[in-house]
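**Q** One structure coming up, written as structure tokens, with questions to follow.
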Amino acid sequence: MAAQEVMQYFMYRMKRVGFGDFNPGQETMNTIVSLAKYFSVSECLSIVWRAVSNGSTMYVDGTCTKKRAANSVISSIRRHCERATKENWTVSRYYWPSELPKSVAATYVYEKVLRLESDSFTTKPSIELLRQGALTNE
């Protein structure tokens, strides 16, 4: 579910900077799933925001084609994820944009099942959280 939220935000950001014709493939999905596995949604959004911004800057500066700039975004996300996990970085948090609707299913799972409420955005999803949520629902 976290990966779906991150993918939704990724596509939103790509469209906002003019990379709306980007067609995510398996490599993109694998990268987003990996990102969501290690970081909270808020941290993932921060990583995505930076990568899309950097890719957009490369295109605007004329250092590469639009297609290459768009493709560089996913590589940048993957590298950041790998380095951050390997070197135990603290990743900045980012906000969910108000103009992008949140998933009803995600809201239900985070707030009703896992009972995270306001922490749902900043907490990394895990099996332990699912177990805790099940215990508090008894």
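The values are calculated or read from the model by the stated rules, or taken from the named source; none is laboratory data. This is a predicted model, so every value here is computed, not measured. Glycine gets a Cβ as well: all are built from the backbone with ideal geometry, and neighbour counts include every protein chain shown.
**Q** So, in the range 80-119, how many residues would count as being surrounded by 12 or more Cβ atoms within 10 Å (Cβ to Cβ), at pLDDT 75 or above and not in a loop (DSSP other than H, G, I, E, B)?
**A** Qualifying residue count for the region: 5.
**Q** In addition: Do you know which residues across the range 1-51 are hydroxyl-bearing (Ser, Thr, Tyr), within 17 Å of Ser92 (Cβ to Cβ) and either part of a helix (DSSP H, G or I) or free of Cβ contacts under 8 Å to residues at least 24 places away in the same chain (or both)?
**A** Answer for the range 1-51, where residues must be hydroxyl-bearing (Ser, Thr, Tyr), within 17 Å of Ser92 (Cβ to Cβ) and either part of a helix (DSSP H, G or I) or free of Cβ contacts under 8 Å to residues at least 24 places away in the same chain (or both): Tyr9, Tyr38, Ser42, Ser46.
**Q** Turning to a different aspect of this structure: Scanning for something within 17 Å of Leu100 (Cβ to Cβ), hydrophobic (A, V, I, L, M, F, W, C) and at pLDDT 95 or above, does the range 29-37 turn up at least one residue?
**A** yes
**Q** May I ask you to list pairs of residues, at least six apart or on different chains, whose Cβ atoms are under 7 Å apart, with the first in the range 52-81 being free of Cβ contacts under 8 Å to residues at least 40 places away in the same chain and the second being of a type in the set (Val, Ile, Thr) and assigned to a helix (DSSP H, G or I)?
**A** Note: pairs meeting the criteria are Gly55/Val73; His80/Ile47.
**Q** Can I ask one more? Among the residues of the range 90-101, are any of a type in the set (Gly, Ala, Ser) and either on the phi > 0 side of the Ramachandran plot or touching a His at 6+ places or on another chain (Cβ under 8 Å) (or both)?
**A** There is no residue in the range 90-101 that is of a type in the set (Gly, Ala, Ser) and either on the phi > 0 side of the Ramachandran plot or touching a His at 6+ places or on another chain (Cβ under 8 Å) (or both).
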